[in-house]
DNA sequence: TGCTACCGTGACAACGGTGTCAGGCGGCCC
DNA sequence: GGGCCGCCTGACACCGTTGTCACGGTAGCA
């Protein structure tokens, strides 16, 4: 093998409109017209230009174009998620991509890992690239960075968690109603000791779900039992541990409301380990693949993530195309999907 | 509600370097120097510039910058996947993002849906945006589009499926060895009638896996039984149907090798419906979440997707930074994870 | 025939920045 | 005191493209 370093590696400089114009024997502007499908170019010239484009392998430079163009659009949006690899967010991503595609836009997707510092960095990187708009799952309590972009003129749509100041559009789920329906469902099947397992209450969605849980309990004439409530669960292992702890109580719960995906899985592991999968009821918040392949199938409160992504993107492109309507706050309703685990009666 | 249309919605035009220069009382070039952290600006002026930047909310315009800059880099890469929402690809996406972040790059992720036409469109869109490089899961047999970009000077790294011409870098999995080990594993547990369920053989990965299956059978002194081989399975439902069909044979298989994610799930459904989950063995290709939560746990051949993504991104940034080494073809080894379903003995 | 009304086309400036280079200035050495 | 050096700084051209406008030419009309 011979190393080619030092060879004429200078690729012949990527062709520009000027080159195309020279080859086609027309002016720069005419090439621009053909490339942009502007009217008013004779067929003859158009053909010559197209041939020259082919010949040179010319690629239009959108950066230069949008620099000069009056609307200044880059055909690019930013999507700020917690983690692009998380199924919830990747589904959202896809839904947004589908809409973006229809609008000729490409999507910068990025993961904040719920870290405000990282969110700031990404916001900065996106702003430098002059995205036409932003869809964001805010990383922390403080939305200053996002709202700053909004004020500077970049449309922003909040997803999953609302902008509490209300100046920007948002698309969220009625977490409270979802949790409420889950707990009522368990009550309807006879449960009176229903445990709550969830994330930190500082997270808006977690808090809302907890409020829904409490609301349903009280509505059903039950009272809140502190030993059956566990917040601050961050991962599967912690959920599993918490569930095991509760199952060891003198009066263990006959049902669990697992307020989030990973929490549900941890809970299931605990039940499986204790051979209680068919004895103790579970309803989880957020669906997950294979939830219907387990034995019993897992009853969940499911969000329509595709709908959320689509709505958010449609709102965003509406703004990008100039809508000046008042801020919109779309709230979608989650639905309960009974699959078995939530229909187990107390023993 | 009063509509604000017609109001002075003209945001005060986003500030440019010129504006900053005017406010700071320096030349354009000095602002440029400060923004780019070039050496040789007195502290006094630097401070004035920074203040002006703050005051005006100035955001650097990377497009204009890279237009003029000599290296012409946009700090942007393209990631062409089959579907950003598919867990395999979204994990890959995340691994790439992590590396890109270290290099100050943002990632355009896009879904081809394995459609060559769509791939062409996306390639065009990415090229117009002057991405510094591309990581692609090729959509079809014909890699002309991707290779064209490569020739035009944009580094391209193939992932999951190799570029058979070998001119571009690639990162793939040894699918054949993985399938071989799965089938040998089943043989080692006493199986002699092992069924194959897989996707279209035109897909390189599917073909490789089939070859591995066949290889292992022959190596074990078994022969290929046509009625135990089913190609062209496109989704879960088809996999389920195929498995049910085979289970109804006079001499049904005692084990299944499911050559892909969705196929595995379909197979599991069939076994579950037939109450054979604990009787018939299964080994799947590709791991999936919750594979260990099922009863029995599902034995799989697992790829290290994070590793693949990382390697691909590292290769790409090597090229972007000028590496002129010969094309590299990294092949990773999948590992077999025994969890129960693959260790069931024939009855 | 003379005038206007278009039509296709190109010259030129401009978008927001960066590379190049020359000039001003202070300090140091002879 | 003159010359040289190095450090800052700004003027200017230019990156690849599009908006504007003026040009020459032809058709339509009175």
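The values are calculated or read from the model by the stated rules, or taken from the named source; none is laboratory data. Only a predicted model underlies this, so the values are computations on that prediction, with no experimental measurement involved. Counting neighbours? That spans all protein chains shown, and the Cβs are built from the backbone with ideal geometry, glycine included.
Evaluate the range B:301-322: report whether one residue or more is within 30 Å of residue B:147 (Cβ to Cβ), without any contact (Cβ under 8 Å) to a residue 24 or more places away in the chain and within 13 Å of chain A (Cβ to nearest Cβ). Within the range B:301-322, one or more residues are within 30 Å of residue B:147 (Cβ to Cβ), without any contact (Cβ under 8 Å) to a residue 24 or more places away in the chain and within 13 Å of chain A (Cβ to nearest Cβ). Note on the range B:270-299: among residues that are in a strand (DSSP E or B) and within 13 Å of chain A (Cβ to nearest Cβ), the one that is modelled with the lowest pLDDT is B:297. Every test in (1) touching a residue at least 12 places away in the same chain (Cβ under 8 Å); (2) within 29 Å of residue A:294 (Cβ to Cβ) is passed by residue B:290 save one, and that test is (1).
The sole residue among A:169, A:142 that is touching a helix residue (DSSP H, G or I) at 6+ places or on another chain (Cβ under 9 Å) and modelled with pLDDT under 95 is A:142. Can you tell me which residue in the range B:23-36 is farthest from DNA strand C (Cβ to nearest atom), limited to those that are more than 14 Å from chain A (Cβ to nearest Cβ) and surrounded by fewer than 15 Cβ atoms within 10 Å (Cβ to Cβ)? The extreme case among them is B:25. Restricting attention to the range B:37-61 and to residues that are within 14 Å of another protein chain (Cβ to nearest Cβ) and near DNA strand C (Cβ under 8 Å from one of its atoms), the residue that is farthest from the chain's Cα centre (by Cα) turns out to be B:58.
In the range B:5-22 there is at least one residue matching the filter, namely being surrounded by 13 or more Cβ atoms within 10 Å (Cβ to Cβ) and more than 16 Å from DNA strand D (Cβ to nearest atom).
The residue list B:119, B:97 contains one member that is farther than 20 Å from residue A:84 by Cβ, modelled with pLDDT of 95 or more, surrounded by 15 or more Cβ atoms within 10 Å (Cβ to Cβ) and under 15 Å from the mean Cα position of the chain (by Cα), which is B:119.
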